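The values are calculated or read from the model by the stated rules, or taken from the named source; none is laboratory data. Because the structure is a prediction, the values reported are computed rather than measured. Every residue, glycine among them, receives a Cβ derived from its backbone with ideal geometry; neighbour counts consider all protein chains shown. Calculation scope for accessible area: heavy atoms of the full protein, side chains included, ligands and nucleic acids excluded. Shrake-Rupley method; radii C 1.70, N 1.55, O 1.52, S 1.80 Å.
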Amino acid sequence: MVIILGTGSTAKHAVDLIYYLLQQGKLKEIIGIPTSKQTHQQMLSLGISLSDLGSHPTLDLAIDGADKVKILVENGVAIWLF
Ligand SMILES: O=C[C@H](O)[C@H](O)[C@H](O)COP(=O)(O)O
């Protein structure tokens, strides 16, 4: 599974959880693509496999925080604007 991870506290918690789940054997074969130096350093220090979009252009999951969320409901459809 290829996961792209952003920056900030949400991404930090996500990396910690990924590491924990890898240690528990509940996640396997994770390739992480960090979008910031902080997340890159955290993943490197935990030994999580790193890559980049050039090598892995197809992602399975993206995790990042958001500063603001606005929910627009129109015609019964909810759209989350970040
Ligand atoms: O560049 C900042 C990113 O978009 C962050 O994900 C955003 O600022 C939210 O940060 P945090 O997860 O620390 O609330």
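A few points about this structure:
- Note on the chain: dipole from Cβ charges, positive end direction compared against V73, L5, L53; the farthest Cα belongs to L5.
- Summary value for the chain: 37 percent relative contact order, contacts being C-alpha pairs under 8 angstrom separated by 6+ residues.
- Portion, in percent, of the accessible area of the chain that falls on carbon or sulfur, probe 1.4 Å: 56 percent
- By the helix-only formula, in which each DSSP H run with n ≥ 4 contributes -39500 (n - 2.57) and the sum is divided by residues, the chain has a 222 nm mean residue ellipticity of -10000 deg cm²/dmol.
- Accessible area per residue for the chain is 72 Å², calculated with a 1.4 Å probe on protein heavy atoms, without ligands, DNA or RNA.
- A simple charge model with +1 on the Cβ of Lys and Arg, -1 on the Cβ of Asp and Glu and nothing else charged puts the dipole of the chain at about 160 debye relative to its Cα centre.
- Entries in K26/K70; K26/K68; K12/K70 that, when Cα-Cα distance is taken, lie over 29 Å: K26/K70; K26/K68
- Distance between the modelled labels on I79 and D67, one decimal in nanometres: 2.2 nm (7 Å Cα→Cβ projection).
- The range 1-56: Rg to Rh, with Rh as the Kirkwood radius over Cα pairs: 0.93
- DSSP beta bridge pairing in the chain, given as percent antiparallel to the nearest 5: 40 percent
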